[in-house]
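Where a number appears in this text, it was derived from the coordinates with a stated rule and is not lab data. Only a predicted model underlies this, so the values are computations on that prediction, with no experimental measurement involved. All Cβ positions, glycine included, derive from the backbone under ideal geometry; neighbour counts span all protein chains shown.
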Ligand code: DQA
């Protein structure tokens, strides 16, 4: 079974306690359960969350053989050349996800170091952004 890596960056382990108007009320485990349901055994899913930039870089480097990457780099979207450079090593489809609509919030969230490397981006639909991402990869593969 082809594997898809789902990466969540810093503070996404605190979903459920973060501002609900931007991020919804579900915890990351609850969102992951919805993704598993939507996936319906199409892919093997590897869920990875880290608050550390280096751990995310290393995880990407060690996963270059997966069939797809879904990534919400959280705040690192707007700051991390290191995560961008790691993603540049990957040859398959990269799907960017955000719970909130990062393009319509603070100016600093409009800076995006990964967007141009991604084959698709889903944002602003809270947990449904992740479901759109897995649906997109299922159609692709
Ligand atoms: C986020 C948006 C980022 O700007 C923010 O730093 C996050 C979450 C989102 O999913 O909407 O932590 O990536």
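Can you give the relative contact order of the chain as a percent, counting alpha carbon pairs under 8 Å and 6+ residues apart?
Values: 250 pairs, mean separation 39.8, N = 141.
After rounding, I find 28 percent.
Calculate how many DSSP beta bridges within the chain are antiparallel, expressed in % of all such bridges and rounded to the nearest 5. Don't jump to the answer; show the numbers that get you there.
Working: 0 of 18 bridges.
Bridges in the chain are about 0 percent antiparallel.
Please label the shape of region 1-56 as rounded, prolate or oblate, based on the square roots a ≥ b ≥ c of the eigenvalues of the alpha-carbon gyration tensor (a/c under 1.5 means rounded; beyond that, a/b larger than b/c means prolate, else oblate).
Values: a/c = 3.46, a/b = 1.33, b/c = 2.61.
It is oblate, given that a/c is not under 1.5 and a/b is not larger than b/c.
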*Could you please rank 59, 138, placing first whichever residue has the fewest other Cβ atoms within 10 Å of its Cβ?*
138, 59
*For region 72-141, what does the alpha-carbon gyration tensor say about shape, rounded, prolate or oblate, given a ≥ b ≥ c as the root eigenvalues, a/c under 1.5 as rounded, and a/b over b/c as prolate?*
oblate
*Using label points projected 7 Å from each Cα along Cα→Cβ, tell me how many nm separate residue 14 and residue 42, to one decimal.*
3.3
*asked:* Rounded, prolate or oblate, given the Cα gyration tensor of region 1-117, with a/c below 1.5 counting as rounded?
replied: oblate
*Mean separation of Cα pairs under 8 Å and 6+ residues apart, divided by the residue count of region 63-118: what relative contact order is that in percent?*
45
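Arrange 117, 15 by Cβ neighbour counts within 10 Å, fewest through most, would you? Write down the numbers at each step before the final one.
On the way: 117 15, 15 22.
Ranked by crowding around the Cβ, least crowded first: 117, 15.
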_residue 107 versus residue 139: modelled label distance in nm, points set 7 Å from Cα along the beta carbon direction_ = 3.6
_Residue list for region 8-22, given a label point 7 angstrom along the Cα-to-Cβ vector of residue 79 and an amide N cut-off under 12 Å_ = 10-11
